[in-house]
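What follows is a short report on a single structure.
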Amino acid sequence: MRIALVGKGGSGKTTLAALLARRIASAGAPPLLAIDADINQHLAVAVGATPRQAASLPSLAEAVDLVKGYLRGDNPRIPDPADMVKTTPPGRGSRLLRLAEPSPVWDAAVREIHGVPLLATGELVGDDADERRIGTSCYHGKTGAVELVLNHLVDGPREYVVVDMTAGADAFASGLFTRFDLTVVVCEPTLRSVGVWEQYTRYARDFGIRIAVAGNKVEDDGDVAFLRHHVGDDLVTWLGRSAVVRAAERGEARPLEELAATDLAALDALRDALDACRRDWSRYIEHMHAVHRRNAAAWVDDATESRLLAQIDPDLDLAAAASGVPA
C-alpha cells in the first residue's frame, strides 16, 4: 500500500517520510520502498546517507529508457518504448513490478540506506528541455518516471511504499496524486500550513483521495486544539519538537529508540492508518485511464493523441495480477 507525505515547504514532510520509512523497516523488514519525488532531493540524507552518498545515488529519471523498455514487455498496444509517457497504463503483455521481486528497474534505481530501500527521482539539473519523452519540460518530467513505475506496480497489504512528494499542492500538476492509498498532509499548527490541507482536500474531493493530517512541531494541547479545529477528524496523529526530529531536519539520522514514546506511537498511527486502507482496483484503474486521456488530449499533435489513447487496455485485470501479492 502507498502513502504520500505532502505539506507546505518546511512543514517537515521529508523528515516524517524518513522517520516513517525507518520505523517500518525496523519492524521485521516488510517489503518496503521509499521514493524521493520532491524537487529538493533530501530524503536520502534524512534516512541516514551522507551528502556525498546521497549525491552518488542513481536516479530513476536517468534510467527512464531502461524503465520503459522493461515495463513495455510485449504489450502490442505500444509498438516502441519511446511511445510511452508518464501516464502510460499497463496492458496485457506489459511487465508489472512487485516490491518483493527483483527487476532491472529496482537494480538500476534502488539502493538501500540503513535498511531502507530508496529510489531517488533525481534533481532538476542540466538541460531538461527534452523531457517530452517522459512527460513535460519541467520537474514533472522527472516525477513522470515515478508515475510510470507506480502505474505498473502491483502491491498489497503489509507492503509499503512511502513517497516524499513536492511541497504544497504542486502534485496536482500531474496524475501522480491519484496513485496513493493514503495522502498525509503534514501540518504545523499555523494557518499557512492548514491552508495546504484545504487545497488538497478541495482538489482531491472529486477523485475520492483519502486524506489524513499529521501534525508536526506540536508543543502543547493548544496546538492540537488548533489543528483539530481546522482539519477535524482528518487529524490522525501528531509529533512534538523532539531533539531527534530536529536532528533529522538537519540531516542527522539518530537512532529511532531516542524518539519519545509519543512520537513512535505517532509513526505507528500513520502505519495503522495505511494498513486500514483497502484499494478499490476498479476505481484505481479508472483514475489511471482518466489521467492518461487528459494527458493525451493535451498534446497538440493529433496523431500523438490517437497513439496515446490506443495504449489503454480496457480488459487488463490488475486486481487479478495483484492477487498474487502476499497478503
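Things worth noting here:
- Per-residue 3J(HN,Hα) values for the range 112-121, derived from phi via the Karplus relation 6.51 cos²θ - 1.76 cosθ + 1.60 with θ = phi - 60°, read 8, 10, 6, x, 10, x, 10, 10, 9, 5 Hz in sequence order (x marks Gly and Pro).
- Under a 5 Å amide H cut-off, with hydrogens placed 1.01 Å from N, L97 pairs with L153, V154 among residues at least 5 apart or on other chains.
- Whole-angstrom gap from the range 215-268 to the range 1-67, using each part's C-alpha centre: 19 Å
- The phi-based Karplus calculation (6.51 cos²θ - 1.76 cosθ + 1.60; θ = phi - 60°) puts the 3J(HN,Hα) values of the range 213-219 at 10, 10, x, 9, 6, 7, 9 Hz, whole numbers, x for Gly and Pro.
- Note on the chain: helix-only mean residue ellipticity at 222 nm, from DSSP H runs of 4+ residues weighted -39500 (n - 2.57) and normalised by residue number, equals -11500 deg cm²/dmol.
- The chain: angle of helix 191-204 to the longest principal axis, Cα-based, in degrees nearest 10: 30 degrees
- Hydrodynamic estimate: the Kirkwood radius of the range 177-327 over Cα pairs, inserted into Stokes-Einstein at 10 °C and 1.306 mPa s, corresponds to D of 86 µm²/s.
- Taking amide H positions as modeled 1.01 Å from N, with prolines and chain starts lacking one, the residues under 5 Å from C187 and 5 or more places away or on another chain are A214, G215, N216.
- Sorted by Cβ density within 10 Å, fewest first, the residues K217, K13: K217, K13
- The value obtained for the range 1-131, namely the Cα convex hull volume divided by the number of residues, is 127 Å³ per residue.
- Rounded to the nearest 20 debye, the dipole size of the range 2-322 about its Cα centre is 140 debye, using +1 on the Cβ of Lys and Arg and -1 on the Cβ of Asp and Glu.
- Farthest positive-ward along the range 2-322 dipole, Cα basis, beta-carbon charges - from S103, G215, W281: W281
- Against the main long axis of the alpha-carbon atoms of the chain, helix 261-275 sits at an angle near 30°.
- Cβ crowding within 10 Å averaged over residues, with 219-226, 82-89 ranked highest first: 82-89, 219-226
- Close Lys pairs in the chain (alpha-carbon distance under 18 Å; sequence gap of 8 or more, or different chains): 5.
- Just checking the listed ones, G69, G28, G215: in the Gaussian network model of the chain with Cα springs under 10 Å, the one fluctuating most is G28.
- Computed across the range 2-322, the Kirkwood hydrodynamic radius from all distinct Cα-Cα pairs reaches 19.9 Å.
- Acute angle (nearest 10 degrees) that the helix 281-297 long axis makes with the longest principal axis of the chain, alpha-carbon atoms: 60 degrees
- Here the relative contact order of the chain, from alpha carbon pairs under 8 Å that lie six or more residues apart, stands at 26 percent.
The numbers here are math on the coordinates, done by the rules we state, and not lab data. Small disclaimer: the values here were computed from a predicted structure and weren't measured. Don't worry about glycine lacking a Cβ; one is built from the backbone with ideal geometry, like all the others, and counts go over all protein chains shown.
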